[in-house]
Amino acid sequence: MDNQKTIKRLADDHGSENLMVVLGATDVEGVEITSETLTMGDPSFSGPLTGVQLGLQVYHILEPVIKAMIPEDLYREKLEMQEMLIDTEALQKSLKKIREESKVINLKSVKE
Amino acid sequence: MFENKKIIVFGERDGVPGPVIVELLQSIGADIVYSVTECFV
């Protein structure tokens, strides 16, 4: 809950359109819940982000688009093991869907 | 992709910890404003 409070403050300070989130969790379900919270609001209706649609863009450190930017030797040293343990395809599919929903939220907020 | 963006990092103890993500992103010039290693929800 403290994290939700901090994210809300950062969005107020910097503007949610200027923020991006990078995750490192290994389970797809956990990544989905976190990204939903940061995009559409707290699905458990218990934290400070309840009803707050920040529409943040959320990525995972193991997604190919991030991997492509990181120096290969550093990536191999730090992430190669984790990459073998995680279903990166499922992760990317899930996050892409949530990012599309986030774009819709951001478009709506621009129109309003 | 990270140009003009402030980056929030949520690492996980059993996955990729926050400091590792920060190191990797800083190597490509990302501006990190918050980093934590734990379970978010």
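A few comments on the model shown:
- 10 Å Cβ neighbours from other chains, averaged over peptide B:27-35: 4
- Per-residue shielding of B:12-20, expressed as the average number of other chain Cβ atoms within 10 Å of the residue Cβ, stands at 6.
- Long-range HN-HN contacts of A:TYR59 with modeled amide H, under 5 Å: A:VAL21, A:VAL22, A:LEU23
- Loop GluC sites (Glu not before Pro), chain B, which have at most 14 other Cβ atoms in a 10 Å radius of their Cβ (DSSP): B:GLU3, B:GLU38
- Within the shell of other residues whose beta carbon sits under 15 angstrom from the beta carbon of B:PRO19, the net charge comes to -3, with Lys and Arg scored +1 and Asp and Glu -1.
- The phi torsions of region A:63-75, fed into the Karplus equation with coefficients 6.51, -1.76 and 1.60 and a -60° offset, translate into couplings of 5, x, 5, 7, 3, 5, 8, 8, x, 4, 5, 5, 4 Hz, rounded to whole numbers, with Gly and Pro shown as x.
- Neighbourhood charge, 12 Å Cβ-Cβ cut-off, centred on A:MET69 and excluding it, Lys, Arg +1 and Asp, Glu -1: -2
- Taken about its Cα centre, the protein assembly as shown carries a charge dipole of about 540 debye when Lys and Arg each add +1 at the Cβ and Asp and Glu each add -1 at the Cβ.
- Taking chain A as a Gaussian network of alpha-carbon nodes connected by springs under 10 Å, the highest mean-square fluctuation of the residues A:VAL52, A:VAL65, A:VAL22 belongs to A:VAL65.
- Dividing the summed -39500 (n - 2.57) terms of all DSSP H runs of n ≥ 4 by the residue count of the protein assembly as shown sets its mean residue ellipticity at 222 nm at -16000 deg cm²/dmol.
- Cα-Cα P(r), region A:68-112, percent of pairs per 5 Å interval: 5, 18, 15, 16, 15, 12, 10, 7, 4, 0
- The chymotrypsin sites (Phe, Trp or Tyr not before Pro) of region A:1-83 that DSSP puts in a loop, and whose beta carbon has at most 16 other beta carbons within 10 Å, are A:PHE45.
- Most mobile listed residue (A:SER16, A:SER46, A:SER35) in chain A, GNM with C-alpha springs under 10 Å: A:SER46
Rule-based calculations on the coordinates, nothing more; no lab input. As the structure is a prediction and not an experimental result, all values here were calculated from the model. Every residue, glycine as well, gets a Cβ built from its backbone with ideal geometry; the counts of neighbours run over all protein chains shown.
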